[in-house]
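The values are calculated or read from the model by the stated rules, or taken from the named source; none is laboratory data. What you see is a predicted model; the values in this text were computed from it and never measured. Every residue, glycine among them, receives a Cβ derived from its backbone with ideal geometry; neighbour counts consider all protein chains shown.
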Amino acid sequence: MQQRRELDQVYTNRKLLNGQLDTPKWWAPTVSILGVIVLLGLIVIAIMINKGLGVTGLSRPVYWGLFITTFVFWVGISHAGIMISAILRLTQAEWRRPVTRAAELLTVFSLLTALVFPLIHAGRPWRIAYWIMPYDVARGIYPNIRSPLIMDPVAISTYLIGSSLFLYIALLPDLGNLRDRTAGWKNAMYTVLALGWRGNPRQWKMQTVGGILLSALMLPIFVSVHSIVSWDFAIAAAVEGWHSTIFAPYFVIGAVHSGVSAVVTMMALMRWLWKWDDFIRPEHFDALARPLIVVATGWLGFTFLELTFALYGQDAPEIALREMQMFEWPWNLLFIIFFLTAYAIPVPMWLFKRVRTNIALMFWTSILVNIGMWLERFLIIVPGLARRTPFVYTWEAYRPSAVEWTIFIWSFAWVTFLMLLFSKFFPLVPLFEQKESQVFTDDVMIGRAKVPAIVREAD
Amino acid sequence: MSTQSILGLFQQPEPAADAMDGLKEAGFELGTFDVLTGTPYPEGAFGEYVPQHRLFRFPAFGAIIGFTLSVFLTAATQLAYPIVTGGKPILSIFAMLIIMYEMTMLAGVIATVVGIIFESRLPNMKPGIYDTRITEGWIGVVITFDDDSKVADAESVLNKAGALEIKHA
Amino acid sequence: MASEAIAHESEHHAPPPQVAAEIIARELVATTTGASGRFKVWAWFLGIASIAGIVALVLKFIDQSDDSTKWGYVAAMVSFLLSIAGGAPMVAMAPVMAKANWVRPVTRIASLFSFAGVATIIMLIPLVAILPPLVTEGARRRTIWYMAPDYSPHVWTTLSLVLLLVTGIALFYSAALPDFASMRDHATGWRQRLGKRLARGWVGTDSQWRTLRMRIGMFGTFYFLILVFVNFLVTSDFGQSLVPGWRDAILPMYHTVSGFQAGVAGVVIALYFSRKYMKLEKYVHLDAFWSLGRLLFALTLLWIYFFYSSFIVFWYGRSENDIATLNLQVRGPMMGVFIAGMVLIWVVPWWILIWNKVRRGTGAMVVGSFIILVGLLLDRIRTFVPAWSVPPDQIHERWLKVIPEAYWPTLFDVLIMAGGISMVAFIVMMMTRVLPVLSVWQVQEFNLLSKPIRYIRGHATLVAKPD
């Protein structure tokens, strides 16, 4: 159901540019607090690099811990953006309009954050130089492209570059709008960034055709990125629980589950913080939650398949691992929390329209999902390494240190900080999309009923 | 004789479309006048000239370049530094495919973005006559002349259609 | 001015014309009678081929029921028929849930495929008798039935396939109620009597429509869940568990997704022929092909994605059972079939369907769909034939030590496969005699909800989106 309202463009401009044209009261204090946390995190990272990875809880046999879990988590979050904006553009879903920009932005910033983790996790980040780049022609030493640890940065950079460009292209009309509303140095900045946008039919046509084309190109990239991340684990035959053929789609659908939930969280925040009640409406939450039910259930199905076929081989080590994951302290507690938060609590709630249109409930359930999805990654990565196997000569239980937790918290502050900074200069809701929806929607009378309708261009 | 243009401003799409019709009837050539809007309208809504484009060639072109480069990069580095890892062949096609795929897609995306900007005829740092109210929902009809004698004709068409304002540049 | 207008016409397809509701009902009901000569010839031909297939199946069972290694093609047929007949009704489901308007005229033809599930079950019957027991030589082989009773794979797969058939028919019937009422009101003879009996007093009250929608949503959801489960059982019990060391967690999903692909391809073919030979151009717009083409294109890419996801893990793993799995399925005796399948499922259709012009038309779309179906048949063969050709006495090995020779089809196998495919086509053709091939009420709804408009100076379609 569309709770459509007639909004004139001056009003739309004033409301949606309220972050850029004037500053909300809460903005400066929030950004300052986040800035302090970010700074603190950076200091801790510096200390860790200075002292070495000894300050973390990582030790034999668990070398991949909180950092890699959080890396996978942020890559997962990044999947929201393209998933939402590309799929919804391709299917011409009307309710995508207020969602796309924020979702794309989440992609860009969470990818930027994700990239930090493997870097600092390497212990001596400057040596990354010999791992990925440059190509050492003089000595004839080249990166090993057979390693997924090379494929990973390649895929993530592709995704990052692609989605940043996508974001910029879709920002052009709004930059033109900002140029028209500002003066002074801001005007100069927007004039340059808008590239001389005027809004003639040619430019609009490129926006629509180009948007669809880019969506079609970005979708396969988005699928490949998390698949390649999953192959970091899946192609290793040595660790139980990792060597499964289902990992690629399993990771992708999990990422969509967590990413779209993150978009829900963000939409609720945007509505509350910038008071965009006219633009981000309960119907949008409803529309996001419906596919989320399907995605979450699909993800549960993949989890079931993963588990079934892990036990299918009836190999003793694999069974031992699954027993540990689900029944041994403290993994069993984590497992229960994971299952409850990722599926058992939120999804049955979303079945009710009253929940789907209740923004506070959607906000909290979407946060639950992401707690669960973080734990899912943790439970995939760590137990396989932590289980005591023959021929391991030293063996310690993994307990993340304060340094790891600080950096973990830093990542959340960092993403939020970047978002808020962005919101100071660029609109988080695409204005032209919003206005387009005013042009393209209409009501038709069928009998006595007024039914919302959409104008589709004949093609 | 200098190139000159005028801009008629309308608040509603109907009169703007009337103005476009009027200009066609008055014998202005397609391509010398255009409509400026703050939001996309369905194509042909103003009876305007439907722009032709070659956007679809860009990703194909980019993908071919990316693919070629990626074949070279992956194959040449493996051959130049032939160390067997994980029991894989030196030229591991199935591992190469992944990098090749990413590079092909990346080049395709970059070429598409270049294509979108190019086909939008941007960047254009001297975009010509404009009015900031267009991004507030007004609709502009802009006419470009080589020949000053037709300015009056165009103005009368715009006025007849009910232009709220006419700007010259 | 005039040249401008013509330029616009050529730029856009003309918006679909509006047809009055009573004309829709009368014309569509009329399509069930008066089959052309060509239709009858084909029906006879397919019917005879189906019977020949069943006879061949019985003879094969009498002759070879003691040797499971000879039954690969029948297993491949079960999988292939499950893909088409099981996947096609999903076309009637998924876009409906997404409230797509284009799908309304197409749903009936998609859900007709449910009835073809009969063919899948017929093929399954001898296989159930031949499938080795869970416990052989005192040990339980690797299956998904860890502690379940001995008969589990046999019973549950059969039951789930029957359940799929029943749910499919329930989905079909719940959406067909108003059309049976149309048959009651507009048809003659046995069709009218059947319509009267099956319409169950449908007059179209508000509450009847509400329950109708609820039923479609409910059966659609059930159908999807059961379909995934059936795919899971068939691929595990009639595929993986027969080969020592084959452990591919993605196979059930791979099978489901490529099943959707087969289903969409089947729907495109059925839609093409009924549109062309029943003169339904007025009701089946190019828009439907355009949307189905995009769906098919996406599924084509998903096929290669799912295949590669599994392949790369085996390829990197390099453990003995990884290598054996690849040798059995991809590199070994079935390599030619595999490559041909890949080319026909992915490479060729991808290249055909990438062009906007193709997806907007019908001719190349139907060619692409045929190619996909042939490719999927080959894919099913390369999956199931080698799996069944593993001798049962090796079942307890850690991995497959000796890759069995390729088993090539005998005349019986060819007849069985031809019969199975003919049966699907025959059943769908026969069903179009019972009920209009396009859903009358949904075509009416389509016309009600979308209408061509002039938008300022342009042409557009106004599509209503009721909740």
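For this structure, a couple of remarks:
- Matching option when the condition is at the interface with another protein chain (Cβ under 7 Å from one of its Cβ atoms), farther than 12 Å from A:N144 by Cβ and free of Cβ contacts under 8 Å to residues at least 40 places away in the same chain, among B:I116, B:I93, B:I98: B:I98
- Residue within region A:274-281 that is more than 14 Å from every other protein chain (Cβ to nearest Cβ) and within 19 Å of the chain's Cα centre (by Cα) present: no
- Count of region C:236-256 residues which are farther than 14 Å from C:R382 by Cα, of a type outside the set (V, I, T) and assigned to a loop (DSSP other than H, G, I, E, B): 6
- Filter pass, C:R191 being at pLDDT 90 or above, assigned to a helix (DSSP H, G or I) and surrounded by fewer than 22 Cβ atoms within 10 Å (Cβ to Cβ): yes
- Residues of region B:101-113 that turn out to be free of Cβ contacts under 8 Å to residues at least 40 places away in the same chain, within 7 Å of chain A (Cβ to nearest Cβ) and of a type outside the set (D, E), as a count: 2
- Given (1) crowded, with 21+ Cβ neighbours inside 10 Å; (2) in contact with a helix residue (DSSP H, G or I) (Cβ under 7 Å, 6 or more places away or on another chain); (3) in a helix (DSSP H, G or I), number of the condition C:V284 does not satisfy: (3)
- Region B:113-127, residues that are part of a helix (DSSP H, G or I) and in contact with a Gly (Cβ under 7 Å, 6 or more places away or on another chain): B:I116
- All conditions but one from (1) surrounded by fewer than 17 Cβ atoms within 10 Å (Cβ to Cβ); (2) farther than 19 Å from A:R198 by Cα; (3) more than 13 Å from chain A (Cβ to nearest Cβ) apply to B:A154; the one that does not is (1).
- Looking at C:V348, C:V366, C:V337, C:V358, just one residue is away from chain A (no Cβ under 14 Å) and touching a Lys or Arg at 6+ places or on another chain (Cβ under 7 Å), and that residue is C:V337.
- Residues located in region A:423-459, provided they are within 9 Å of another protein chain (Cβ to nearest Cβ) and assigned to a loop (DSSP other than H, G, I, E, B): A:A458, A:D459
- Among the residues of region C:361-394, those identified as over 28 Å from C:S236 (Cα atoms) and either free of Cβ contacts under 8 Å to residues at least 12 places away in the same chain or in a helix (DSSP H, G or I) (or both) are C:G363, C:A364, C:M365, C:V366, C:V367, C:G368.
- So B:I90, is it under 21 Å from A:D152 (Cα atoms), not assigned by TED's automatic domain parsing to the domain that holds B:Q11 and not in a helix (DSSP H, G or I): yes
- Some residue of region B:119-131 being under 26 Å from the mean Cα position of the chain (by Cα), touching a residue at least 24 places away in the same chain (Cβ under 8 Å) and within 7 Å of chain A (Cβ to nearest Cβ): yes
- Failed item, numbered, when A:R101 is tested on (1) charged (D, E, K, R); (2) outside any helix (DSSP H, G or I); (3) closer than 30 Å to C:V463 by Cβ: (2)
- Candidates C:L28, C:L112, C:L59: the one that is buried (at least 23 other Cβ atoms within 10 Å of the Cβ), more than 16 Å from C:F238 (Cβ to Cβ) and more than 22 Å from the chain's Cα centre (by Cα) is C:L28.
- Considering region B:53-83, the residues that are within 15 Å of A:I141 (Cβ to Cβ) and part of a loop (DSSP other than H, G, I, E, B) include one that is farthest from the other protein chains (Cβ to nearest Cβ), namely B:P82.
- Taking the numbered list (1) surrounded by 15 or more Cβ atoms within 10 Å (Cβ to Cβ); (2) under 25 Å from A:D180 (Cβ atoms); (3) in contact (Cβ under 8 Å) with a residue 24 or more places away in the chain in turn, B:Y49 passes all entries but (3).
- Residue under evaluation B:A19, criteria (1) within 14 Å of chain C (Cβ to nearest Cβ); (2) outside any helix (DSSP H, G or I); (3) touching a residue at least 40 places away in the same chain (Cβ under 8 Å); (4) among the small types (G, A, S), criterion not met: (2)
- Cβ pairs under 7 Å, 6+ apart, first in region C:257-275 and basic (K, R), second part of a helix (DSSP H, G or I): none
- Residue satisfying condition, being hydroxyl-bearing (S, T, Y), out of contact with any helix residue (DSSP H, G or I) (no Cβ under 9 Å at 6 or more places or on another chain) and either at pLDDT below 90 or buried (at least 24 other Cβ atoms within 10 Å of the Cβ) (or both), within set C:Y151, C:Y146: C:Y151
- Screening A:L300 on (1) touching a Pro at 6+ places or on another chain (Cβ under 9 Å); (2) under 19 Å from A:R377 (Cβ atoms) shows it passes everything except condition (1).
- A:W185 meets the conditions (1) away from chain C (no Cβ under 12 Å); (2) in contact with an Asp or Glu (Cβ under 6 Å, 6 or more places away or on another chain) in every case but one. The failed one is (2).
Yes or no, residue by residue, for (1) among the acidic types (D, E); (2) free of Cβ contacts under 8 Å to residues at least 24 places away in the same chain; (3) within 21 Å of C:V243 (Cβ to Cβ); (4) buried (at least 21 other Cβ atoms within 10 Å of the Cβ):
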{"position": "C:T325", "(1), (2), (3), (4)": "no, no, yes, yes"}
{"position": "C:Q329", "(1), (2), (3), (4)": "no, no, yes, yes"}
{"position": "C:M335", "(1), (2), (3), (4)": "no, yes, yes, no"}
{"position": "C:I345", "(1), (2), (3), (4)": "no, no, no, yes"}
{"position": "C:I352", "(1), (2), (3), (4)": "no, yes, no, yes"}
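- Among the residues making up region A:398-414, those that are among the small types (G, A, S) and either surrounded by 13 or more Cβ atoms within 10 Å (Cβ to Cβ) or touching a residue at least 40 places away in the same chain (Cβ under 8 Å) (or both) are A:S401, A:S411, A:A413.
- For region A:9-27, a residue qualifies if it is over 20 Å from A:A102 (Cβ atoms) and either modelled with pLDDT of 95 or more or surrounded by 12 or more Cβ atoms within 10 Å (Cβ to Cβ) (or both), and the qualifying residues are A:Q9, A:V10, A:Y11.
- Conditions (1) on the phi < 0 side of the Ramachandran plot; (2) free of Cβ contacts under 8 Å to residues at least 60 places away in the same chain: number failed by C:K279: (1)
- Flag for C:L448 being modelled with pLDDT under 90 and either under 24 Å from C:A30 (Cβ atoms) or over 20 Å from the mean Cα position of the chain (by Cα) (or both): yes
- Near pairs, Cβ below 7 angstrom, 6+ apart or cross-chain, from region A:331-350 (surrounded by 15 or more Cβ atoms within 10 Å (Cβ to Cβ)) to any residue that is charged (D, E, K, R): A:F338/A:E376; A:A342/A:E376; A:W350/A:R356
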